[in-house]
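*Asks:* Have a look at this one.
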Amino acid sequence: MRMRAVGAAFLGIAAGLWPCPPAAAAADRPQTRVDCAQAKCVALTFDDGPVPGTARLLGLLRRSGARATFFVVGVRARAHPGLVARARAEGHEIGDHTEHHPRLTALPSARVHRELATTRRTITRLTGTRPTLFRPPYGATDRRVAAQARRLGLAQVLWDVDTLDWRHRDPSAIARRAVNGLRPGAIILMHDSRPTTVSAVPRILRAAKAKGYTFVTVTELLGPTVPGRTYVHARR
Ligand code: NI
């Protein structure tokens, strides 16, 4: 979910960012390799699912050959295990968005750890791949949260383009914000939990393709990430 953009940008600059092209670990190597030094790469990210409507989104992405990253909520992943497994099987990346979507900065460290660790375990069980990325709900993070992420081998992924899809009920407004935010290395925030967002996706895919963009996962975009470190976009 959303956060203050200024804070996100600051964290990203402070953290330092990894350049394309990625040299991903063998297990995380994408099915089709994309050299983001040559291609105009951008990462679509979908938070707060999976929900039944995620199936429709997966179909849209597959038809367009686009890969995305899903930051799943643990309780929803366990309610819809087939969707998580399918997303991974179709080349998407699965990241940890905590078990219950709390504001982590308000929790004691032991609970932060549990929120992250439980969902990390669920993702590993459902996909056979241990996640390396985590997105804090509301973008709310601090040194304490970062320390727990580091312990669990999770990098923190924020975003630099907010489609404000949690506010808009109009697919064309969401699509416009996403398309206006397109630039190489961008990480775009959306929510597959919202049907309006899914309705905006065909327009985003069409417009981005026409502008020569390739949709990749966050790990393809960033390359290897450092646990505990915060990323908002790829180095440009
Ligand atoms: Ni969220």
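The values are calculated or read from the model by the stated rules, or taken from the named source; none is laboratory data. In this text the structure is predicted, and so the values were computed from the model without any measurement. Reconstructed Cβ throughout: ideal geometry from the backbone, glycine too, with neighbour counts over all protein chains shown. Accessible surface is based on the protein model in full, side chains and every heavy atom, while ligands, DNA and RNA are left aside. Shrake-Rupley method; radii C 1.70, N 1.55, O 1.52, S 1.80 Å.
*Asks:* Computing the accessible area with a 1.4 Å probe over protein heavy atoms, can you report the carbon and sulfur percentage for the chain?
*Replies:* 54 percent
*Asks:* Which helices, taking whole DSSP H runs in the chain, have alpha carbons extending 18 angstrom or more along the helix axis plus mean Kyte-Doolittle at least -1.0?
*Replies:* Long hydrophobic helices here: 109-127, 195-210.
*Asks:* Also, I was wondering about something else. Can you compute the FRET efficiency between Asp35 and His100 using 1/(1 + (r/R0)^6), with r the Cβ-Cβ distance and R0 = 45 Å? Round to the nearest 0.05.
*Replies:* The formula returns an efficiency of 0.70 here.
*Asks:* OK, next. Give me the extension gain from Glu90 to Ser109: residue separation times 0.36 nm, minus the current Cα-Cα distance, reported in nm with one decimal.
*Replies:* Extending this stretch completely gives an extra 3.4 nm.
*Asks:* Calculate the all-directions average of the projected area of region 183-236's alpha-carbon convex hull, and give it in nm².
*Replies:* Value for region 183-236: 4.6 nm².
*Asks:* While we're here: If you place +1 on the Cβ of every Lys and Arg, -1 on the Cβ of every Asp and Glu, and leave all else neutral, what size is the dipole of region 182-236 about its Cα centre, to the nearest 20 Debye?
*Replies:* Here the size comes out at about 260 debye.
*Asks:* Just for the chain, what percent of DSSP beta bridges are antiparallel, to the closest 5?
*Replies:* Given both bridge residues lie in the chain, the antiparallel proportion sits at roughly 0 percent.
*Asks:* Compute the whole-percent fraction of alpha carbon pairs in the chain spaced more than 23 Å apart.
*Replies:* Across the chain, Cα pairs with separations above 23 Å total 41 percent.
*Asks:* Need one number: nm distance between label points at Ala140 and Arg236, each 7 Å from Cα along Cα→Cβ, rounded to one decimal.
*Replies:* Here the answer is 3.0 nm between the modelled labels.
*Asks:* Then there is this: Determine ³J(HN,Hα), in whole Hz, for all residues of region 216-225 in sequence, where each value follows from phi through the Karplus function 6.51 cos²θ - 1.76 cosθ + 1.60 and θ = phi - 60°; x replaces Gly and Pro.
*Replies:* After applying 6.51 cos²θ - 1.76 cosθ + 1.60, I find 10, 6, 4, 5, 5, 5, 8, x, x, 10 Hz.
*Asks:* Let me ask something additional. Rank Thr127, Cys36, Ala87 by how far each Cα sits towards the positive end of the charge dipole of region 35-144 (+1 on Lys, Arg Cβ; -1 on Asp, Glu Cβ) and give me just the farthest.
*Replies:* Checked the options; the winner is Thr127.
*Asks:* Which whole-number percent gives the relative contact order of the chain, counting Cα pairs below 8 Å spaced six or more residues apart?
*Replies:* Value for the chain: 34 percent.
*Asks:* Which of Ala147, Pro102, Ala200 sits closest to the plus end of the dipole of region 89-236, meaning its Cα is farthest towards the positive end, when Lys and Arg get +1 and Asp and Glu get -1 on the C-beta?
*Replies:* Sorting the options by dipole projection puts first Ala147.
*Asks:* Same structure, new question: Over region 81-135, what is the relative contact order in percent, taking alpha-carbon pairs closer than 8 angstrom and at least six residues apart?
*Replies:* The normalised contact order for region 81-135 reaches 46 percent.
*Asks:* Quick one: 3J(HN,Hα) in Hz for region 185-190, Karplus 6.51/-1.76/1.60 with θ = phi - 60°, rounded, Gly and Pro as x.
*Replies:* Whole-Hz 3J(HN,Hα) from phi for region 185-190: x, 6, 10, 9, 8, 9.
*Asks:* Can you give the charge dipole size of the chain about its Cα centre, rounded to the nearest 20 debye, using +1 on the beta carbon of Lys and Arg and -1 on the beta carbon of Asp and Glu?
*Replies:* Using only the charged Cβ atoms, the result is roughly 80 debye.
*Asks:* Right, here's the next one. List every residue whose amide H lies under 5 Å from the amide H of Cys41, counting only residues 5 or more places away in sequence or on a different chain, with H placed 1.01 Å from N in the peptide plane.
*Replies:* Gly185, Thr214
*Asks:* What are the ³J(HN,Hα) values, in whole Hz, obtained from phi via the Karplus relation 6.51 cos²θ - 1.76 cosθ + 1.60 with θ = phi - 60°, for each residue of region 65-78 in sequence order, with x given for Gly and Pro?
*Replies:* For region 65-78, the Karplus curve yields x, 9, 9, 9, 10, 10, 9, 8, 8, x, 5, 6, 4, 6 Hz.
*Asks:* Calculate, in nm to one decimal, what Thr124 and Arg78 gain on full extension: separation in residues at 0.36 nm each, minus their alpha carbon distance.
*Replies:* 15.4 nm
*Asks:* Determine the dipole magnitude for region 33-82: charges of +1 sit on the beta-carbon of Lys and Arg, -1 on that of Asp and Glu, nothing else is charged, the reference point is the Cα centre, and the result goes in debye to the nearest 20.
*Replies:* 200 debye
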